[in-house]
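Step one of this worksheet: look at the structure below.
The values are calculated or read from the model by the stated rules, or taken from the named source; none is laboratory data. Just so we're clear, the structure is a prediction, and the values are computed from it rather than from any experiment. FYI the Cβ positions are ideal-geometry reconstructions off the backbone, even for glycines, and counts take in every protein chain you see. Protein only, heavy atoms only, side chains kept; ligands, DNA and RNA dropped before computing areas. Shrake-Rupley method; radii C 1.70, N 1.55, O 1.52, S 1.80 Å.
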There are 2 protein chains.
Amino acid sequence: MRPNGRRTTLADIARAAGVSVATVSKVVNGRGDVAPHTRTRVQELLHRHDYLAPVFRHTEAVASPTIEVQFKGGLKLYVAETLEGIIDSAAELGASVVISKATGAPHWARDLVSAGRRAVIAVTSVYTTAHLNELARSGLPLVVLDPLHLPDSRVHSVGATNFAGGLAATRHLLSLGHRRVAYLGGPAMAVCNQARMHGYRAAMEAEGARVPETYVRPGEFTHETGLLGAPALLDLEEPPTAVFAGNDEIAVGAVEAARARGLRVPEDLSVVGFDDTSLARMASPPLTTVRQPLREMGGAALRTALRLADGEKPESHHIELATELVVRASTAPPRRW
Amino acid sequence: MRPNGRRTTLADIARAAGVSVATVSKVVNGRGDVAPHTRTRVQELLHRHDYLAPVFRHTEAVASPTIEVQFKGGLKLYVAETLEGIIDSAAELGASVVISKATGAPHWARDLVSAGRRAVIAVTSVYTTAHLNELARSGLPLVVLDPLHLPDSRVHSVGATNFAGGLAATRHLLSLGHRRVAYLGGPAMAVCNQARMHGYRAAMEAEGARVPETYVRPGEFTHETGLLGAPALLDLEEPPTAVFAGNDEIAVGAVEAARARGLRVPEDLSVVGFDDTSLARMASPPLTTVRQPLREMGGAALRTALRLADGEKPESHHIELATELVVRASTAPPRRW
DNA sequence: CTGAAAGCGCTTACAG
DNA sequence: CTGAAAGCGCTTACAG
């Protein structure tokens, strides 16, 4: 924008650079016949003055700001619920939401800028230094939802209080009288998993309950991890009387595995999940779980993305929304107490 | 486009209409100082020559074709799985997918055209005459996925062979020896529900099995319908020994209700679902269900939408993909046979 | 490698 | 209500 509020024109840049409009036009269109140092100077001025080529003005003038949401792997329930929060907030704020799977193609970030996207929201995404460099080059703001990495100040992120959630889940089991509580979790590398696990450990320690090595099993955030992990726990010499699962899918798998060997939930084994997706309500028995405010997290991510797109700098590069224990029917006092 | 392949310009239209470029410009920009009949004639020519204002050329020139996917209510598992099919096909074909909830605001279709969308995919949507009129005015192609209405030749739609699925599910139960089979379905008005129910009736009749009035219960496609409907069936004087549910959520609710009154599935009651979402695999016991090829249906809808956007006319305005019975652990021969 | 000049597509203030 | 004319932002063939 120029001081008077009109768009920057090639003439403005030409004046500032001391070259002709024709030369600036060549730089904008990537023609070859421009001296390298002239090109550099002009590019710098174009960027500083926020020049936008006519074909791209559509982005600002007509279309609502468009945010790209990227996810990895399948569109799981908890991604879907987060997405719903993003969509609802976008509708409220007049933004559009494009959804895609993360590909990591060579110029992905610059391609998104070319397509008119104003920011990216990555759902539970891993990002490498290469990703961050590509992003920096493109100037595209990124918000990571439920980050798998430790918050990095170069990236904005929205998560939930996973540690507090793990603490609450485990305290609930302890308060029912359980002492042998195991943790059947997600990927050891994922920070959300680590935080839940340390919440569990903290609660156990505070109560003076032992946590044998064998009581903490990492895995994936899948039904199968529950199906395979629970039998391994139940085969231990001192099997747990309660399992805190890293998410609802794992919990449902664990319940199924227990049932397959004739154990009843919660009479013979208590199970707590995490997320409180609709799966938790539909499980049999309905799962005691730790609610993540997935819709609200999606909304917060969208608002952050729009603010970054407008050039604002949020106060904090990472926020966490509160988790909450939801007690249903999959937990009870241990059998022999 | 002009004959030589270049874009139609205002000058082309002015020549064709026998007016000045200035007048055409006014029509394009919706200014008031144009005689009504002049405006009409110019608009007609603009449309015929496919004139695209500069701000909108971005749509064709730079961005990939963008399809809007609209859904109603929550982003349920089966919507999410369909959406995944749409996203994957879009990535393959270089299209972008915008996702939103259907609002039905006054000029929704024209607003979508203004935002550069090339077509709409509505997931399980109701459409009224008002909707169709608004669509016709906007020129935006619509593809309905899993239509709730009977196929209408003005609308393109993609569905599954619901009747055949209902038939297969019921035959499976009959072949296990069940004779008292009930149908716990979705909304009575939804054609997909009607087709499943009639497939059920056809199978029952073919086998000479009675279908008392009370054996067919409509509801919603929700867990709650199963939770509430199954007890009503089990309270009948001649309770069914098997329940064919209109979708997986209903089936899971029915299983839970049966268990709540001490019945085991499948020993005391067999239950079949419909959809084969991931919920069916995670249910306890894993559900016998009728698979809808949701990803493939999403892909077919996307391809149809892109073809319509390019002005092609698909051979048929409605296609159905095949359903398939998936036998898991929620069905067995009846107890007293 | 640079830029003056011609030209394109569009808009707009204004005369009729 | 219409259009001639001036003007804007941009591109490009070409002279230097």
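See the values below:
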quantity: Radius of gyration and maximum dimension Dmax of the stretch B:10-51, Cα, Å; calculated: 8.7, 23
quantity: Average beta carbon contacts from partner chains per residue of A:86-93, 10 Å cutoff; calculated: 2
quantity: Interchain or long-range residues, amide H under 5 Å from A:Gly159's placed H; calculated: A:Asp146, A:Ile319, A:Glu320, A:Leu321
quantity: Amide H contacts under 5 Å for B:Ala119, placed H, 5+ residues apart; calculated: B:Glu68
quantity: Total accessible area lost when B and A pair, probe 1.4 Å, Å² to nearest 100; calculated: 2900 Å²
quantity: Average other protein chain Cβ within 10 Å of Cβ, residues A:70-81; calculated: 3
quantity: log10 of Debye I(q)/I(0), alpha-carbon scatterers only, for the protein assembly as shown at 0.11 Å⁻¹; calculated: -1.16
quantity: J(HN,Hα) series, the stretch B:238-250, from Karplus relation 6.51 cos²θ - 1.76 cosθ + 1.60, nearest Hz, glycine and proline x; calculated: 10, x, x, 9, 8, 10, 9, 9, x, 7, 5, 4, 4
quantity: Gap separating the Cα centres of the stretch B:152-181 and the stretch A:186-229, nearest whole Å; calculated: 44 Å
quantity: Theoretical gain in end-to-end length, B:Lys313 to B:Leu93 [0.36 nm per residue, Cα-Cα removed]; calculated: 77.4 nm
quantity: Contour excess over end-to-end distance, with Cα ends at B:Asn133 and B:Asp33 and 0.36 nm allotted per residue; calculated: 33.2 nm
quantity: Dipole-positive endmost among A:Thr38, A:His172, A:Pro187 within chain A (Cβ charges, Cα centre); calculated: A:Thr38
quantity: Dipole magnitude of the stretch A:10-51 about its Cα centre (Cβ charges: Lys, Arg +1; Asp, Glu -1), debye to nearest 20; calculated: 80 debye
quantity: Relative contact order, percent, chain B [alpha-carbon distance under 8 Å, six or more residues apart]; calculated: 17 percent
quantity: Inter-label distance, nm, simple model (7 Å from Cα along the C-beta direction), A:Leu263/A:Ala188; calculated: 2.3 nm
quantity: Label-point separation, A:His107 to A:Arg335 (7 Å along Cα→Cβ), nm; calculated: 6.4 nm
quantity: Debye equation applied to the C-alpha atoms of chain A, log10 I(q)/I(0) at 0.07, 0.08, 0.15 Å⁻¹; calculated: -0.39, -0.48, -1.13
quantity: Cα-based helix-to-principal-axis angle, B:191-207 vs chain B, degrees rounded to 10; calculated: 40 degrees
quantity: Copies compared at A:Arg31 - label distances in nm, ascending, label defined 7 Å from Cα in the Cβ direction; calculated: 3.3
quantity: Sequence-distant residues sharing a close amide H with B:Glu324 (under 5 Å, placed H); calculated: B:Arg291
quantity: Contour minus Cα-Cα distance for A:Asp50 and A:Glu205 (0.36 nm per residue); calculated: 50.3 nm
quantity: Expected 222 nm ellipticity per residue - DSSP helices of 4 or more, -39500 (n - 2.57), all of chain B, to 500; calculated: -13500 deg cm²/dmol
quantity: Net charge contributed by nearby residues that have their C-beta within less than 11 Å of B:Ala169 (K/R +1, D/E -1); calculated: +2
quantity: Whole-angstrom gap from the stretch A:264-337 to the stretch A:87-145, using each part's C-alpha centre; calculated: 25 Å
quantity: Per residue, in Å², the accessible surface of the stretch A:81-209 once ligands and nucleic acids are set aside, probe 1.4 Å; calculated: 38 Å²
quantity: Protection proxy ranking, peptides A:239-250, A:85-96, B:74-85, average beta carbon neighbours within 10 Å, highest first; calculated: A:239-250, B:74-85, A:85-96
quantity: Of all accessible heavy-atom area on the protein assembly as shown, the percent that carbon and sulfur account for (1.4 Å); calculated: 53 percent
quantity: Bins of 10 Å from zero: percent of alpha-carbon pairs in the stretch B:22-180; calculated: 9, 29, 29, 18, 9, 3, 2, 1
quantity: Within straight-line cross-link reach of A:Lys72, lysines at Cα separation under 21 Å, skipping those fewer than 8 residues along the same chain; calculated: A:Lys101, B:Lys76
quantity: Number of partner chain Cβ atoms within 10 Å, mean per residue of A:96-102; calculated: 6
quantity: The stretch A:108-255: radius of gyration and largest Cα-Cα distance (Dmax), Å; calculated: 18.6, 60
quantity: Derived scalar couplings ³J(HN,Hα) [the stretch B:31-42; Karplus, 6.51 cos²θ - 1.76 cosθ + 1.60; whole Hz; x for Gly, Pro]; calculated: 6, x, 8, 9, 5, x, 6, 5, 4, 4, 5, 5
quantity: Rounded to whole Hz, the Karplus (6.51, -1.76, 1.60) HN-Hα couplings of the stretch A:127-144, x for glycine and proline; calculated: 10, 9, 4, 4, 4, 5, 5, 4, 4, 4, 4, 7, x, 7, x, 10, 10, 9
quantity: Total formal charge among the other residues, if their Cβ is under 11 angstrom from that of B:Arg307, Lys/Arg +1 and Asp/Glu -1; calculated: 0
